[in-house]
1. Anything in segment 157-177 that is of a type in the set (Ser, Thr, Tyr) and either surrounded by 15 or more Cβ atoms within 10 Å (Cβ to Cβ) or assigned to a helix (DSSP H, G or I) (or both)? List them, or say none.
2. For residues that are within 26 Å of residue 83 (Cα to Cα) and of a type in the set (Asp, Glu), tally how many sit in segment 128-165.
3. Looking only at segment 1-22, count how many residues are outside any strand (DSSP E or B) and either charged (D, E, K, R) or within 12 Å of residue 50 (Cβ to Cβ) (or both).
4. Read through the list (1) within 14 Å of the ligand (Cβ to nearest atom); (2) assigned to a helix (DSSP H, G or I); (3) touching a helix residue (DSSP H, G or I) at 6+ places or on another chain (Cβ under 6 Å), then give the number of the only condition that residue 114 fails.
5. Condition check: assigned to a loop (DSSP other than H, G, I, E, B), β-branched (Val, Ile, Thr) and over 25 Å from residue 182 (Cβ atoms). Does residue 57 satisfy that?
6. Hey, could you check segment 80-97 for residues that are part of a loop (DSSP other than H, G, I, E, B) and within 16 Å of the ligand (Cβ to nearest atom) and say which is nearest to residue 20 (Cα to Cα)?
7. Would you say residue 134 is hydroxyl-bearing (Ser, Thr, Tyr), within 13 Å of the ligand (Cβ to nearest atom), in contact (Cβ under 8 Å) with a residue 40 or more places away in the chain and crowded, with 18+ Cβ neighbours inside 10 Å?
8. Working carefully through the options 151, 172, 96, 166, find the one that is without any contact (Cβ under 8 Å) to a residue 12 or more places away in the chain and acidic (Asp, Glu).
Amino acid sequence: MSGAAPPRLAVLASGTGTLLDAIASELAVSLVMVDRECVAESVAERHGIPCERVQRTDFGTGFDRVGYTRAVLDRLSASRIDVVAMAGWGTILSPEAFDRVRFINTHPSLLPSFKGWHAVRDALDYGVKVTGCTVHVATAELDEGPILAQEAVAVLGDDTEAVLHERIKEVERRLYVDVLRTLMTGA
Ligand code: GRF
């Protein structure tokens with residue numbers, strides 16, 4: 001019996017890799033990519049997943065985003081990746097990326113509220129009583145793209161940014177895996 005090869009998943013991370021850990025515990029991950037030295041590399045190693053670092057050396061205004069994006073795309077293509085899950089990835093890619101591969105993202109707010117890098121802090125500062133997380137198709141516009149799933153998280157009176165973010169991430173670790181499982185397996 002023959003069939004189409006199963007789609008291949010890559011995870012892009014830049015931080016502590018707790019979402020990566022949740023994904024890799026449930027789904028086959030063919031490649032982890034990081035843009036800097038980070039804990040996510042050891043998470044990949046623990047799961048036995050090949051990990052490539054496309055080192056970002058420039059965080060200034062002269063950053064060659066197009067060149068960097070091409071380097072990322074070349075590595076994804078060399079590993080025959082079909083779906084890319086961004087999980088705390090810290091570099092905005094140039095628009096070309098989103099034409100070439102299917103990118104999925106999770107963001108720690110109820111989009112379209114609180115886009116950007118400081119979503120949890122911004123929600124706290126605004127004084128909302130409910131925030132949450134959003135899993136969405138990633139497009140060239142930061143934190144835009146069709147929403148695949150959302151879940152609310154209550155903001156508590158004594159929340160700090162770190163405490164609230166951790167409660168949101170507890171939800172993301174379940175919700176993101178569920179969405180990715182459906183995308184990868186149809187189950
Ligand atoms: C998540 O909250 C994700 O939405 C955001 O970065 C966080 C990643 O967490 N973009 P971790 O590094 O996997 O713990």
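Every number here is computed from the coordinates shown, using simple stated rules; none is lab data. What you see is a predicted model, and the numbers here were worked out from it, not measured in a lab. Cβ atoms come from the backbone with ideal geometry, glycine included; neighbour counts cover every protein chain shown.
1. Let us first name the residues in segment 157-177 that are of a type in the set (Ser, Thr, Tyr), namely 160, 176.
If the condition is that a residue be of a type in the set (Ser, Thr, Tyr) and either surrounded by 15 or more Cβ atoms within 10 Å (Cβ to Cβ) or assigned to a helix (DSSP H, G or I) (or both), then 176 is the only one that fits.
2. Of the residues in that region, 4 qualify.
3. Start the filter on segment 1-22 by keeping residues that are outside any strand (DSSP E or B), which leaves 1-8, 14-22.
Those left that are additionally either charged (D, E, K, R) or within 12 Å of residue 50 (Cβ to Cβ) (or both): 8, 21.
Residues flagged as outside any strand (DSSP E or B) and either charged (D, E, K, R) or within 12 Å of residue 50 (Cβ to Cβ) (or both) within segment 1-22 amount to 2.
4. Status for residue 114: all satisfied but (2).
5. Details: assigned to a loop (DSSP other than H, G, I, E, B): yes; β-branched (Val, Ile, Thr): yes; over 25 Å from residue 182 (Cβ atoms): yes.
So residue 57 passes the test.
6. Going through the qualifying residues, I end up with 87.
7. Numbers: hydroxyl-bearing (Ser, Thr, Tyr): yes; within 13 Å of the ligand (Cβ to nearest atom): yes; in contact (Cβ under 8 Å) with a residue 40 or more places away in the chain: no; crowded, with 18+ Cβ neighbours inside 10 Å: yes.
No, not satisfied.
8. Numbers: 151 fails: without any contact (Cβ under 8 Å) to a residue 12 or more places away in the chain; 172 fails: without any contact (Cβ under 8 Å) to a residue 12 or more places away in the chain; 96 fails: without any contact (Cβ under 8 Å) to a residue 12 or more places away in the chain.
It is 166.
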